[in-house]
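No lab work stands behind these numbers, since they all come straight from the coordinates. Values in this document were obtained by computation on a predicted structure and should not be read as measured data.
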Ligand SMILES: Cc1ncc(COP(=O)(O)O)c(C=O)c1O
């Protein structure tokens, strides 16, 4: 069957233009720092993110974990939101790679409150507690439903981080969606953080890769750590060319993906067995729960009719829009969802 795949924006495939850019990429050995396409991408990203330097890494997890590791010591802790990706979906790597514990703080749809963060910071004199070292935000917030941090909230959280001497990190896997939603330049968000990790292979459509940014000294160490954990690669320019193409061609079009999510949310949120916080559908995700049918059965009914959706946290389902689905397919997805929901009523 030709499925409409709305499980994630990671299912996007490189477009023809992107493949051509990859084919034509000038390459060199990146372990020697001799790949001109990688070097240019890193410089470009440092510029647009408002940081001194940047480094191409293999994945979002690798990016986040390098940033956490190099800004902490074993026995430290990271404050993060209780639904955050680093807490749930990074295989316990903060403990495994860096000897860190995570201190999850509940936010509202993933968005942290400064006073809750401040209350979670350990007293400096408490030698018997982990030492709070990093405050990590996720923007947009995946399990929160693609929610966006208002700019004043980031500033207020930065003030908390500064006041307590915490490193301020952004898991910006989908920060591009946040910038498009907020109608601002990327650096208005990213420059507020000490380090950022941003994914090229989600809604931007590159096949592989994330990019981290921060100070020159940090990136120098990150280059070393990336190699140590097996992320040093050779003619990486082929992938960097896809990333560069994504940055130059696929950011502003994310607005379309947001529109597609809104079409789906508008079509289903009034069904009585759907729970969906309509005002929280801001970017390319629609997270909802359905009563009267187990999640697995609802997902299977969708699959049987040609629509793939995924789960979020237990009791919640997730639809993610992206560039590889057309508006026509979105309308078809709406028809499928409606037909299933009407069958339940
Ligand atoms: C918010 C967030 N951070 C990090 C990642 C990790 O990215 P990757 O799968 O490239 O390691 C993801 C992946 O979905 C994500 O949603």
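Below are the figures for this structure:
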{"quantity": "Approximate shape of the range 253-344 as ellipsoid semi-axes (Cα gyration tensor, √5λ), whole Å, largest first", "calculated": "19, 14, 12"}
{"quantity": "Most mobile of 269, 128, 149 in a GNM of the chain (Cα contacts under 10 Å)", "calculated": "128"}
{"quantity": "Alpha carbon centroid spacing (whole Å) that separates the range 121-167 from the range 246-306", "calculated": "29"}
{"quantity": "Residue with peak Gaussian network fluctuation, the chain [Cα springs, cutoff 10 Å], from 320, 286, 11", "calculated": "11"}
{"quantity": "Most mobile of 310, 59, 201 in a GNM of the chain (Cα contacts under 10 Å)", "calculated": "310"}
{"quantity": "222 nm mean residue ellipticity, helices alone, for the chain (DSSP H n ≥ 4; -39,500 (n - 2.57); rounded to 500)", "calculated": "-12500 deg cm²/dmol"}
